[in-house]
């Protein structure tokens with residue numbers, strides 16, 4: 001399995017970002033607020049991610065960057081959980097992770113929370 005996490009996994013279009021926030025399903029799994037948009041497409045199956053750490057919650061830029069780095073690392077290591085299922089079902093998933101905790105958590109805790117979130121999303125999609 002490929003453990004890279006390149007540009008193909010990132011939501012970069014403003015139009016796509018607005019679409020996910022407007023029509024995506026909103027779920028709360030502390031310390032994240034997730035917006036999930038599932039589509040059945042003929043394009044390449046898989047998922048795209050947007051990571052947001054609002055300045056309202058984490059004031060210092062170096063802390064926001066640290067949290068985003070930890071989230072990306074957790075996704076990179078655990079992306080296989082969702083990717084295999086989406087490829088089999090030929091679906092495309094867009095996920096926005098919004099960090100809503102006012103404290104900077106250590107990287108291990110953030111990675112564990114990402115793993116819990118991915119498992120929760122996978123279970124919701126299988127139903």
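In the stretch 43-78, of all residues being part of a loop (DSSP other than H, G, I, E, B) and farther than 16 Å from residue 32 by Cβ, the one that is modelled with the lowest pLDDT corresponds to 43.
I need the full set of residues from the stretch 96-109 which are under 15 Å from residue 64 (Cα atoms) and in contact (Cβ under 8 Å) with a residue 60 or more places away in the chain, in order please. Correct list: 97, 98, 99, 100, 101, 105. Taking the criterion of being assigned to a strand (DSSP E or B) and either out of contact with any strand residue (DSSP E or B) (no Cβ under 8 Å at 6 or more places or on another chain) or crowded, with 17+ Cβ neighbours inside 10 Å (or both), the residues of the stretch 1-42 that qualify are 29, 32, 34, 35, 36, 37, 38.
Among the residues examined, residue 87 does not qualify as touching a strand residue (DSSP E or B) at 6+ places or on another chain (Cβ under 8 Å), surrounded by 11 or more Cβ atoms within 10 Å (Cβ to Cβ) and closer than 25 Å to residue 109 by Cα.
Might you let me know whether the stretch 118-126 holds any residue that is assigned to a loop (DSSP other than H, G, I, E, B), free of Cβ contacts under 8 Å to residues at least 40 places away in the same chain and out of contact with any strand residue (DSSP E or B) (no Cβ under 9 Å at 6 or more places or on another chain)? The answer is no, given that none of the residues of the stretch 118-126 is assigned to a loop (DSSP other than H, G, I, E, B), free of Cβ contacts under 8 Å to residues at least 40 places away in the same chain and out of contact with any strand residue (DSSP E or B) (no Cβ under 9 Å at 6 or more places or on another chain). Restricting attention to the stretch 81-114, the residues that are modelled with pLDDT of 95 or more and assigned to a helix (DSSP H, G or I) total 8.
The values are calculated or read from the model by the stated rules, or taken from the named source; none is laboratory data. All values reported here derive from a predicted model rather than from experimental measurement. As a convention, Cβ positions derive from the backbone with ideal geometry for all residues, glycine included, and neighbour counts pool all protein chains shown.
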